[in-house]
Amino acid sequence: MSWIGRFTNLFRRDRLHEEIAEELASHIAEAVERGRSAGEVRKAFGNELLQRERSRDIKLVPWLDSLASDVVFGWRQLRKRPAVSTAAILSLALAIGATTAAFRLVDAVLLRTLPVAHPDRLFYLAVNYVDRDGQPDYRDDFDYPTFQKYREAVADRADLMVVGINARQDVVFGSAAEPERVYRQYISGNVFNVFSLQAALGRLIAPYDDLTTGGSPVAVLSYEYWTRRFARDPGVLGKTFRMGSDLFRIVGVAPRGFIGTEPGAVTDVFVPAMMNTEAIHSLGWSWFRIWMHPKPGFSAEQVRQLLQVFFLREHQERLKEFDSRTAKTAIKAFLNEKLLLLPAASGASDVKRQYRRPLLILAALVILVLLIACMNVGNLLAAQAAARAREMALRVSIGAGQWRLIQLVLMESTLLAAIASALGTFFASWSAPLVVSMLHVPEDPVRLVLNSGWRSLAFSVALTSLVALLFGLAPALRASGVKPISALKGGQEPPSRRRGMKALLAAQMAFCVLVQFVAGLFVASFQRLSNRPLGFSAEHVLVMDLSASQKQPLQVWMQMADQLHGTPGVQSAALAGWPLLSRNRWTEMGVRVPGKLTEGRPSYVLDVSPGFFETMRIDQIDGRDFRRGDLPPRLGASTQPLPGVGIVNEAFARVYFKGENPVGRSLWLPIAKDLSAPMQIVGYVRDAVYYDVRERVHPTMYLPMNPRQHDAFLVRTAGDPLALAPTLRSLVLKARSDFQVHTIETQSDFIRWQMLRERLLATLSLFFAIVALLLAVVGLYGLLNYLVTQQRREIGIRIALGARPTQVVRRVTTDLLAMVSFGLFLGLAGGLACGRFVESILYEVKPTDPAAAAPLLALFAAALLAVLPPAIRAVHIDPAETLRSE
């Protein structure tokens, strides 16, 4: 019979059995018709059941038939114990769903390779350094002149590409009146060629589009943006849009699936790098990443060594610009910097860098929760296997082999895991987007493509199989090793099996303590960061991001600030280059104070208007605020340095003036290459956090504002700042038609966005800690309840002989609590070890901090509650009833 026919018979087994029975009956009837007696025919025919089995094996695939039978039997077993099955499925579904969600996030940010040719041969440049706190770090942003020099240096060995950092920008399509914001990315003309990408429509950016400054205003849309914005209209080719002062023409659409080079960001529009006319000729404007693809015959290390030579040569040249009073430690740190080549197969982005370690930590916590769930269900199935010992003994007695029993129990486990996996997949389908939404920043949201396709499917199948083996293999081996005689006589379970269940409980407790400990670290870190003094008051402050059609003098901006200040409900208004904690910063090297060694590390600089310190509630220690006639150090008309004024903070005074009052003193501030201008300190203010809410306060200089095209208005209101937002927006647009309001947020929003990572880690780790706690408590209760049931006869005899309740409880719980204590000790040791790994992303929390142990108190309390009901049950066992039932 063909394999197809045998396979088809699996779905009509009942009918097949009837056909086999009819066929055997017809053979017997035919023999009887020929004159033989029915008894003689049946004797000659042999065992009818055996003949049926042989016929069935011929017409079916035996191993598939046995699997199908085991599936049916397993489903009946699950329905037979609905409460236990439901508890096991739900706990596994939660753990599997969390694991699947974690995989989707890790895959989207860290693992998924770019859809380009030879991604394993793509790298991006970075420079390592030691930060102000003495910790190793690296930066991966470069200016365009540096890219040009490096490209010429390795032209014969590698293709160097410049890839701009993905950013939002206002564009106007056609004759539309209102601008819309898109994510644009500047790229060099060879990017698409090196990536071996083909246009979905039109053409892509080519090398000849990137030769002259502002010479080729062309643009390529991403496939996703083309679909979302233009509904895949082929007529998009040739359309134009205005970005800044340039009019761009759409020449093509990128291939489907290519959404840029930054995980966590989705590029809408690609434009040639040479169209960034401000940055390409500016040293220090580090708005680009430099990517590298070695040519055939050259390795990445060979290219890096050549680039390192040029890098060191540049450092030697820059060393000449250092003042003779520069500290030796600063010079040594500068010369120890090295050029790195980091793998770019999965892209490069700030999201990937910032969330790499948190995602891996969360994935580890999820795996621990999964292991706890598997151990919990494993102990549950082991207890059920002990209860089914007689059934297994009967199966062995009638000829069932060891592998047949293993298959039977594993199929039940697989069925349980498959149902849990289906529910877990549904849980992951909304939990992964939920986590991404927790990273949402209105101005710059994280955009992840979570659809992993076959990768997610393969992971789910592998995870289901692994889970089935983890919690099903031990009960299967136990069931297959049953001794028929002992089991049928009602013999007790071997002590070794009880020890195995207790060992699983100890491991379960260890993992639970580890999850609780790490969660305690993250929660304590978030609480301390949330309570950190910032040096300014963010409440009731509205931040308005404005730009003008062209550069405006400071007087125009101040007039607008005065109008805003005069609005009812507004207490004060001021200007700044950007708001505090907005992830923007201006650093200045080479600040010189007469008679002091030059500090080798940069100071922060922020240009502000009069009234800034009043609006931000930054206390002034001495001196005065800026006046409208104040100017910063600058170049004069004849390129001569002109003096200016500035205000410094306490950190600046500590570093440069030994903490003394700096008001009235002067310093020299670099304003151009080889040129510095004097700056008189006219004000001295308290420390305020500038760039990162986690960092220590840096030396900061506040300078008077220069004429500019883009500014941030800071408005302090008497009540809810967002309630005044529409009024202030309409006031600006009515007063100045050439002004544009891009965004309006509160200063408190910037603080919340800065703490996204800590909030994410604290929230998710606390959730996993609660799940782990519930699973561990259920496992402890289940095992102790099982042990009381197994020792019911022994306990009844002891009570009959006069044992006191305390002795009964001690007898039941001593060994178990010893294993629990051992697991707690292992988990605490593991938590201290893991704490060293996560310490770098904690804020002022050490692994030995008592605050980290706070969640363990909940574990102890829950463990006592889990032990109490089985202990009470053991004490109230009736000896007479127990002995009668035995």
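What the Cβ-Cβ distance of Ile770 and Leu466 gives, at R0 = 30 Å and to the nearest 0.05, is a FRET efficiency of 0.80.
With all protein chains kept in place, the per residue accessible area of the stretch 545-662 amounts to 45 square angstrom at a probe of 1.4 angstrom. Could you give the Stokes-Einstein D for the stretch 541-718 in µm² per second, using the C-alpha Kirkwood radius, 20 °C, 1.002 mPa s? D = 128 µm²/s. Full extension of the segment from Tyr138 to His742, taken as 0.36 nm per residue of separation minus the current Cα-Cα distance, would add 214.2 nm.
Directionally averaged projected area (the stretch 81-198, Cα convex hull): 16.4 nm². Considering the zone a paramagnetic label at His281 would reach in this model (a point 7 Å from Cα along the Cα-to-Cβ line), which residues of the stretch 211-232 have amide N under 19 Å from it? Counting backbone N atoms under 19 Å from the label point, the list is 211-217.
In this calculation the C-beta distance from Phe230 to Tyr208 is compared with R0 = 22 Å, giving a FRET efficiency of 0.25. Extending 7 Å from the Cα toward the beta-carbon at both Tyr843 and Ser245 defines two label points whose distance is 4.1 nm.
Putting +1 on Lys and Arg Cβ atoms and -1 on Asp and Glu Cβ atoms, find which of Ser547, Gly623, His698 reaches farthest to the positive end of the dipole of the stretch 541-718. Toward the positive end, the furthest listed residue is His698. Taking every Cα-Cα distance in the stretch 650-798 and sorting them into 10 Å bins starting at zero, the pair-distance distribution P(r) comes out as 8, 18, 20, 19, 11, 7, 7, 6, 4, 1 percent. Peptide packing for 250-258, 544-552 was compared via the average number of neighbouring C-beta atoms within 10 Å per residue; ordered from the highest value, the list is 250-258, 544-552.
Placing +1 on the Cβ of every Lys and Arg and -1 on the Cβ of every Asp and Glu, with no other charges, gives the stretch 672-776 a dipole of roughly 100 debye about its Cα centre. When nucleic acids and ligands are ignored and a 1.4 Å probe is applied, Tyr691 ends up with an accessible area of around 40 Å². Highest-first packing order for the peptide set 650-661, 362-373 is 362-373, 650-661, based on the mean count of other beta carbon atoms within 10 Å.
Subtracting the Cα-Cα distance of Phe459 and Ala25 from 0.36 nm times their residue separation leaves 151.1 nm of extension gain.
Let me cross-check Arg793: its accessible surface, 1.4 Å probe, with only protein heavy atoms counted, in Å² to the nearest 10? Surface open to solvent at Arg793 totals about 110 Å².
Accessible surface for the stretch 82-143, divided over its residues, is 40 Å² per residue with a 1.4 Å probe. Packing-based ranking of 512-520, 269-277 yields 512-520, 269-277, ordered from highest to lowest mean Cβ neighbour count within 10 Å. Extension gain for the segment Asp619 to Asn193, taken as residue separation times 0.36 nm less the Cα-Cα distance, is 147.8 nm to one decimal. Taking the protein heavy atoms of the stretch 541-718 in the context of the full set of protein chains, the accessible area attributed to carbon and sulfur is 48 percent at 1.4 Å. The string of couplings for the stretch 227-241 from the Karplus curve (6.51, -1.76, 1.60, θ = phi - 60°) is 5, 6, 8, 10, 6, 6, 6, x, x, 5, 4, x, 5, 10, 8 Hz, one whole number per residue in order, with x for Gly and Pro. Under a model in which nothing but the beta-carbon of Lys, Arg (+1) and Asp, Glu (-1) is charged, the stretch 525-621 shows a dipole of about 440 debye around its Cα centre.
The values are calculated or read from the model by the stated rules, or taken from the named source; none is laboratory data. What you are looking at is a predicted structure, and each value in this text was computed from that prediction instead of being measured. As a convention, Cβ positions derive from the backbone with ideal geometry for all residues, glycine included, and neighbour counts pool all protein chains shown. Remember, those area values only see protein heavy atoms, side chains included, never the ligands or the DNA or RNA. Shrake-Rupley method; radii C 1.70, N 1.55, O 1.52, S 1.80 Å.
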